[in-house]
1. Of the residues that sit in region 51-66 and are buried (at least 18 other Cβ atoms within 10 Å of the Cβ) and under 28 Å from Asp27 (Cβ atoms), which one is nearest to the chain's Cα centre (by Cα)?
2. Tell me, please, whether a residue that is part of a helix (DSSP H, G or I), aliphatic (A, V, I, L, M) and more than 11 Å from the chain's Cα centre (by Cα) can be found in region 30-41.
3. When only residues in region 67-104 that are acidic (Asp, Glu) and closer than 18 Å to Ile48 by Cα count, which is surrounded by the most Cβ atoms within 10 Å (Cβ to Cβ)?
4. Pairs under 6 Å by beta carbon, first residue at negative phi in region 1-25, partner crowded, with 17+ Cβ neighbours inside 10 Å and of a type in the set (Lys, Arg), six or more apart or different chains?
5. Taking the criterion of being free of Cβ contacts under 8 Å to residues at least 40 places away in the same chain, at positive phi and out of contact with any helix residue (DSSP H, G or I) (no Cβ under 8 Å at 6 or more places or on another chain), would at least one residue in region 36-45 satisfy it?
Amino acid sequence: MNEKSFAVAVENTLTDLLTRIEERAPDVECDLVDSVLTLLLPDDSQIIINRQEAVQQIWLACSDGPARFSAQEDQWVDSQNGETLTAALGRLLSRRLPEPVNLD
């Protein structure tokens with residue numbers, strides 16, 4: 001994937017995540033600026049998702065630890081455990097919110 005197609009793919013992914021989270025987890029405050037998606041949760045914790053162009057990955061940072069996702073076909077997959085970005089984010093949100101969140 002070249003640099004431009006990577007940037008477009010990440011921006012589309014982050015915008016899609018923003019929309020899904022706003023629809024399915026209204027208690028989460030979301031902010032997408034310059035390809036950085038910041039999620040502010042009711043327990044005052046944060047989840048930050050951004051792109052890392054040099055390695056063509058999406059990185060997720062939160063108090064549970066970091067995760068790095070690489071493009072595999074039409075999904076972003078954790079390079080350590082094979083979990084998709086949407087599954088990982090849904091799991092993290094479900095731990096912090098009163099209701100389970102499914103982003104798939």
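1. First pass over region 51-66, keeping only residues buried (at least 18 other Cβ atoms within 10 Å of the Cβ): 51, 57-58, 60, 62.
Checking the rest, the ones that are also under 28 Å from Asp27 (Cβ atoms) come to 51, 58, 60, 62.
Details: Arg51: 10, Ile58: 8, Leu60: 6, Cys62: 11 Å.
The qualifying residue nearest to the chain's Cα centre (by Cα) is Leu60.
2. Initial filter on region 30-41 (part of a helix (DSSP H, G or I)): none.
Within region 30-41, not a single residue is part of a helix (DSSP H, G or I), aliphatic (A, V, I, L, M) and more than 11 Å from the chain's Cα centre (by Cα).
3. Just the residues of region 67-104 that are acidic (Asp, Glu), to begin with: 73-74, 78, 83, 99, 104.
Imposing the further condition that a residue be closer than 18 Å to Ile48 by Cα reduces the set to 78, 83.
Working: Asp78: 18, Glu83: 16.
Per the criteria, the residue is Asp78.
4. Hits for this filter: Val10/Arg51.
5. Looking for residues that are free of Cβ contacts under 8 Å to residues at least 40 places away in the same chain, at positive phi and out of contact with any helix residue (DSSP H, G or I) (no Cβ under 8 Å at 6 or more places or on another chain), one finds at least one in region 36-45, hence yes.
Since every read-out is calculated from the coordinates, none of them should be taken as a lab result. Bear in mind that the values here come from a model prediction, so they are computed numbers and not experimental data. Quick reminder, even Gly has a Cβ in these numbers, built from the backbone with ideal geometry, and neighbours come from all protein chains shown.
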